[in-house]
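Written out below as structure tokens is the structure these notes cover.
No value in this document is a laboratory result; all are computed from the given coordinates. All values reported here derive from a predicted model rather than from experimental measurement. Because the Cβ atoms are built from the backbone with ideal geometry, glycine has one as well, and the counts that use them run over all protein chains shown.
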Amino acid sequence: MPRKSADLHGNAPDKCRGALLLIDVINDLEFDGGEELLAQARPAARAIAALKRRAKAAGVPAIYVNDNFGRWQSDLRALVRHGLTDGVRGEPLVRQLLPADDDYFVLKPKHSGFFQTALELLLEHLGATTLILTGFAGDICVLFTANDAYVRDFRLHVPADCTASETAEANRALELMEKVLRADLTPSAELDLEALVAEDDGGGEAKPEESPAAPRKTRERPRASIDPVIAIEDICEPEWAAWYRMTPRERWEESARLWHHYVAMGGSLDPEPDPQSPFYDPETSGRPPVDGRPGVRVVRRSGV
């Protein structure tokens, strides 16, 4: 269906090839691990605040992408008021990163800023093709949002000093974003925002705006290198490593072959009795299976 409005009814007046996302920075931190996250987040909040001031001067719009924390009647004002007046653990972060009147706000129900939200539509109307991701926690909501941005062909910058997780080890998710999602981890003070927003899809000068009726172009991007931070063999047996490297279709086909092999070897589709179950009846446990064959407890690809 063709889009009727080119500017979200006047509610997205900015046009910029870049956008700054502040993920879950309006956060009370009232959860297990919140104290640890606060300690890691304080320096990140100062870096985010400085980056936001520079972004505003460069004409880069700021978008607060914030969890509703299970409160479906919340809005930006309610979240800020809660963070400032209820004596919560995250108050210092909220005060450091208060939104301005001309900032954008997207309320998210889950980890990713794109899941069931208007974020993608807003970015399309802004004309953004490059995203600068900041916020908390780096190994959860920032990572999930970065992943969804990557599969939508956005160019990613995740300044290493502008995210925080409960531990420094957990914030190694940045390495994953750099290796797999092609994220640029350049520290915020070194980001050239003017050059960033001037880039076109190929990295050169900005192109004239397309008419609202023109189809949205999909950028070509290199395939991600299959070079995991942790080798699969380090966390599972070799036979499972081969399984995890398969595509979903290959797994489906392999599963079909395994079931065929299982039945051909005399396996039964009837469940074996569990003598530990409160529903176990020894008088009925000896009944022959429906297909007349005994069950086989374990079948592996290498044998029984």
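Couple of notes before you dig in:
- Backbone geometry of the stretch 26-40 corresponds, through the Karplus equation with coefficients 6.51, -1.76 and 1.60 at θ = phi - 60°, to 3J(HN,Hα) couplings of 8, 9, 7, 6, 8, 7, 4, x, x, 5, 5, 5, 4, 4, 6 Hz, x marking Gly and Pro.
- Extension gain for residue 182-residue 96 works out to 28.0 nm (0.36 nm per residue, less the C-alpha to C-alpha distance).
- Size descriptor, Kirkwood hydrodynamic radius, that averages inverse alpha-carbon separations across the stretch 14-198, Å: 16.1
- Ordering 15, 52 from the fewest to the most neighbouring beta carbons within 10 Å gives 15, 52.
- Cα-based shape type of the stretch 67-145, given that a ≥ b ≥ c are square roots of the gyration tensor eigenvalues and the cut on a/c is 1.5: prolate
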